[in-house]
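As structure tokens, the structure follows; a few thoughts come after it.
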Amino acid sequence: MRKRVGVIGGGIAGATAAYHLLKADASLEIILLEAEDQMGHHTTGRSAALLLENDGVESTRSIAKASVDFLLNPPEGLTENIFVIPRDVMHIATVEQSSSVDRFLEKNSSGRIPTKEISKSEAKKRFPALREEGLDRFVVDEGAGDIDVHCLHQAYLNHFRKNGGQIMVSTRVDSARRSGDSWILETKTGEIPVDLIINAAGAWGDQVASRAGVKPVGLQPKRRTAFTVNSNDLDMQKWAMIADIDLRFYCKPDGLQFLCSLAEENPSEPCDAKHDEADVALAIERINKATTLDIRSVQTAWTGLRTFAPDRSMVIGVDPDESSFYWFVGQGGTGIMTSPGAGRLLSDLITEGKPSEHFNETGLNYADVSPERLRKK
């Protein structure tokens, strides 16, 4: 009999898990299950994703290193499009934030393309709308880029579907119960038998585990609000993204608009999050103080959930107490840029029982992302 795998969650995590696992073992029968009527409705569909290697905890940076080549040079046959468009990311600081700059530079000194400090005049060239007064230091990540989230997500799904994978939308898993060596997934459309569960449910990851009788790992969804404002300056499409050194806001070109955010992390229950006008207003106030954009009105605004494990490292691998239940959660806002490496790691663990040689040069210590670490505390 073919082994049946149920991947729960149709966002970027579920899509890359399904893609990489089927690519690693074409004999598997994989079903990708999404509770909503469309894939990537929540966090993935609301992401302003970047390729920013010098971001996140050490394990996240390691998985990002394992993802870069895939994103910049997609495998033949996966897509005809480009996943990443280069864009510098510039971090700005006041005199009072100088110590934050020093810590930031030290932390990012060992990256593939280290963060570097630049002059105010050079910073103005990269983002001409910066205010002269108030800002004192500027550092830039030059190896960054905008990721086409929709293109990447759809590439995973299309390849998965074309190679025999099954996708089911509007199929929420209400519970999962053991039946011998297998599982029965209970949904409103009927029961689905599988041999292996991959929990890629994002903010709902702990809920999915509980419905299967598996102990949660302590996931914490956190809100982040974003909005767009119009611009008539065609040259702005080439500008860098700017972010406060302490991440109190960010602003980046997005077509003929600027995409802006308060960059907040406010704890939330798993939900279809709605934006708070006060968060939008505070972001506008901070951006206008640092730039001459003079934002007065907003085109669209939304809020997404970024989900973290207690130590902010991802949770990838088999549950310590349930050998046929795999965790693939806790991407914490880096799930797009790390999706190739994370998906590859998960498929390695399922098919080989350990990370492959692909991760030898990335510096990944698997114990840092293993679910087992969260059961020892």
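The values are calculated or read from the model by the stated rules, or taken from the named source; none is laboratory data. Everything numeric in this text was worked out from a predicted model, so none of it was measured. Backbone-built Cβ (ideal geometry, glycine too); neighbour counts: all protein chains shown.
Summary of computed values
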| item | result |
| --- | --- |
| Selected residue (criterion: surrounded by the fewest Cβ atoms within 10 Å (Cβ to Cβ)) from residues of the stretch 177-213 that are part of a loop (DSSP other than H, G, I, E, B) and either among the acidic types (Asp, Glu) or at pLDDT 95 or above (or both) | ASP181 |
| Subset of the stretch 263-276 (residues that are within 22 Å of MET241 (Cβ to Cβ) and touching a Leu at 6+ places or on another chain (Cβ under 6 Å)) | ALA263 |
| Conditions (1) touching a helix residue (DSSP H, G or I) at 6+ places or on another chain (Cβ under 8 Å); (2) on the phi > 0 side of the Ramachandran plot: number failed by PHE258 | (2) |
| Selection status of LEU293, of a type in the set (A, V, I, L, M, F, W, C), touching a residue at least 24 places away in the same chain (Cβ under 8 Å) and part of a helix (DSSP H, G or I) | no |
| Conditions (1) closer than 30 Å to PRO216 by Cα; (2) out of contact with any Gly (no Cβ under 8 Å at 6 or more places or on another chain); (3) touching a residue at least 40 places away in the same chain (Cβ under 8 Å): number failed by PRO310 | (2) |
| Which listed residue is closer than 19 Å to GLY335 by Cα and not assigned by TED's automatic domain parsing to the domain that holds THR362, from ILE92, ILE63, ILE82 | ILE82 |
| Single residue of the stretch 215-238 satisfying the filter (in a loop (DSSP other than H, G, I, E, B) and over 23 Å from the mean Cα position of the chain (by Cα)) that is surrounded by the fewest Cβ atoms within 10 Å (Cβ to Cβ) | ASN232 |
| Residue match in the stretch 290-307 (condition: within 29 Å of SER175 (Cα to Cα), in contact with a strand residue (DSSP E or B) (Cβ under 8 Å, 6 or more places away or on another chain) and of a type in the set (D, E, K, R)) | yes |
| Criterion (modelled with pLDDT of 95 or more, crowded, with 22+ Cβ neighbours inside 10 Å, in contact with an Asp or Glu (Cβ under 9 Å, 6 or more places away or on another chain) and among the small types (Gly, Ala, Ser)) met by exactly one of ALA283, ALA342 | ALA283 |
| Number of the exception - PHE249 against (1) surrounded by fewer than 20 Cβ atoms within 10 Å (Cβ to Cβ); (2) within 27 Å of TRP204 (Cα to Cα) | (1) |
